[in-house]
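Report on one structure; see the data block that follows.
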Amino acid sequence: MALSACAALEGDKIDYKSAAKGPTLEVPPDLTQLARDSRYAMAGESVSATALQAGQAAQPANLGKVAALAQGDVRIERAGSQRWLVIDRPADKLWEPVRDFWQDSGFTLARTEPDLGIMETDWAENRAKLPQDFIRSALGSLLDSLYSTGERDKFRTRLERKADGGTEIYVTHRGMVEVYSNSTKDSTMWQPRPSDPELETEFLRRLMVRLGASEEQSKTAAASAPAAAARTQAARMTNANGQPVLQLDEGFERAWRLVGLALDRTGFTVEDRNRDEGAYFVRYVAPGTEKKEPGFFGKLFGDSAATPPLKYRIVLRSQGTSTTISVLDEAGAAAAPANAERIVRVLADELK
């Protein structure tokens, strides 16, 4: 079933188009610029062929090679239905290829934060889901704008630095679907739809190809990725010192990964994270505090008069194979019980 699901997403089954065209992307100022290739630089006003060959032979073999596309340094790992890439390269050498990958896939990047290793696409429509009837085939792009699938997708990519100098890349999906808001069917509204792990896996596979693996290798890796652990996480809500917390039957490493994926999938804005302290610094908007306005983007994000989001710390504390997840406010004190319970419940539902 997994193989057939992945196969259904191949070829022209994915054809995304963002709602708006973004500006030309530039190299983030905090990333090191690529070194220029000096193989053809002239040492003086003239040079002989013998001298040129001697100079080239004296240069190091790896001069000018940045982030080599060695096929053996990219692999997929998984935990249940969750998959991620592991690459034996530093994160700053992967930022540009990953960014270009999403742009070439038809997306506009709405958020790029190299310091956090996070990039997020704008909402986009998978045009491959549109029916290919006779009229649309005959008129082509002339009426293309009149068709809509009634679905929108966005993807968040997170690059995590590993202690050994490598990088883990996570891709998470969020979806919206347009539904009628009343029985007369004269108006519609957008509401969330479940995340699609198969879409996440397919884009990880395609990103794996962009980073140097072959098509065949990527398909094999996506179908038979080794499991990071055989356990199934058990998340449950409880109380500690009068505060609602989440208890996860996992050690710190896996709990950190699972909570990060849950935050990405449920739409929290991660402003910073500190793995050593086991803390995610997030922004959260409580339901009912946004002031809506008509239109797709207005319905999703609210207008400028909306209540500003509150900032929290999601803190993980582990003892052996158990991890407690608690919610603190921006100052590091216990969050208001009502908001803490709401956030813990959102994470618990995602981690079930």
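The values are calculated or read from the model by the stated rules, or taken from the named source; none is laboratory data. Quick caveat, the model's predicted, so the values are computed rather than measured. Reconstructed Cβ throughout: ideal geometry from the backbone, glycine too, with neighbour counts over all protein chains shown. When the accessible area is computed, the model is the full protein with side chains, heavy atoms only, and any ligands, DNA or RNA have been set aside. Shrake-Rupley method; radii C 1.70, N 1.55, O 1.52, S 1.80 Å.
When nucleic acids and ligands are ignored and a 1.4 Å probe is applied, Trp123 ends up with an accessible area of around 10 Å². Suppose R0 equals 35 Å. What FRET efficiency, 1/(1 + (r/R0)^6) with r the Cβ-Cβ distance, do Glu178 and Ala331 give to the nearest 0.05? It comes to 0.30. The value of relative contact order for the stretch 159-259, using C-alpha pairs under 8 Å at least six residues apart, is 14 percent.
Be a star and scan the stretch 76-104 for residues whose amide nitrogen sits under 18 Å from the point 7 Å along the Cα-to-Cβ vector of Ser214. Within reach of a label on Ser214, which here means backbone N under 18 Å from a point 7 Å along Cα→Cβ, the stretch 76-104 contributes 76. Here the label points at Gln191 and Glu253, each 7 Å from Cα along the C-beta direction, are separated by 4.1 nm in the simple model. Around Met119, under 9 Å between beta carbons, what's the net of Lys plus Arg minus Asp minus Glu among the other residues? My count for the surroundings of Met119 gives +2.
Taking all protein chains together and rolling a 1.4 Å probe, Asp264 ends up with roughly 0 Å² accessible. Note on Asn241 and Asp100: their simple-model spin labels are 5.0 nm apart, each label 7 Å out from Cα toward Cβ.
Accessible area per residue (1.4 Å probe, heavy atoms of protein chains only) ranks Asp349, Asp249, Asp73 as Asp349, Asp249, Asp73, with the largest value leading. Solvent-accessible surface (1.4 Å probe) assigned to Asp100 amounts to roughly 50 Å².
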